Amino acid sequence: MRKFSSLDCRVRGWQNFGSMVVSGATTVSIQIGTSDDLQDDKAFPNRLSSMINKSYGHQRVDPVDMFKRLSGAGQPPLAKELPHLANGNEAEIGRTNRVLHLAYRDGELVGACSSTVQPAWTPTNCGHWGMLAVAPAAQGSGVASALVAAAERRLVVCGCSMVQVEPAAA
């Protein structure tokens, strides 16, 4: 379990959302995946699950799971689950408690990471991030760092003072 300090928030610039420049002058854009991604590209859940599974080296997720996560199916709205956060900033923190952060470089999907505010198995004011995956061709270029920063930034904005990180796959 890692605790956030106000210094972490200032030094890492977690007040800012949007694109990050990593690996020289290459920009990685991080956004929270939504049902809009499904409407724009019907094959998106297949591409997303394929990228995650290649990154992990085994079957970690399937397209149905990715469809459910992006559509919010089976997840209560953030406003119902954590009403103190429902103050109109859903565009920044997502509409549901568990979201997928998606990383794009030059319009191509290159990574994903999940974040959840106050999962049932964590202590009060604790968030969780996991399922960190970067396309093999983009590994080592700062995409994972940008995804972790976005996930932790969201958790801080949502009031989490510590984070539980999913352990790496064996």
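Taking segment 56-68 as the range and being in a helix (DSSP H, G or I) and out of contact with any Gly (no Cβ under 8 Å at 6 or more places or on another chain) as the test, the residues that pass are Tyr56, Pro63, Val64, Asp65, Met66, Phe67. Among the residues of segment 59-73, the one identified as in contact (Cβ under 8 Å) with a residue 24 or more places away in the chain and among the polar types (S, T, N, Q) is Ser71.
Thr26 meets each of the listed conditions (1) farther than 16 Å from Ala151 by Cα; (2) among the hydroxyl-bearing types (Ser, Thr, Tyr); (3) at pLDDT 85 or above apart from (3). Do we have Pro123 as free of Cβ contacts under 8 Å to residues at least 24 places away in the same chain and over 26 Å from Ala43 (Cβ atoms) here? In short, no. For Ser141, the conditions (1) surrounded by fewer than 18 Cβ atoms within 10 Å (Cβ to Cβ); (2) more than 13 Å from the chain's Cα centre (by Cα); (3) not hydrophobic (A, V, I, L, M, F, W, C) all hold with the exception of (1).
The values are calculated or read from the model by the stated rules, or taken from the named source; none is laboratory data. What you see is a predicted model, and the numbers here were worked out from it, not measured in a lab. Quick reminder, even Gly has a Cβ in these numbers, built from the backbone with ideal geometry, and neighbours come from all protein chains shown.
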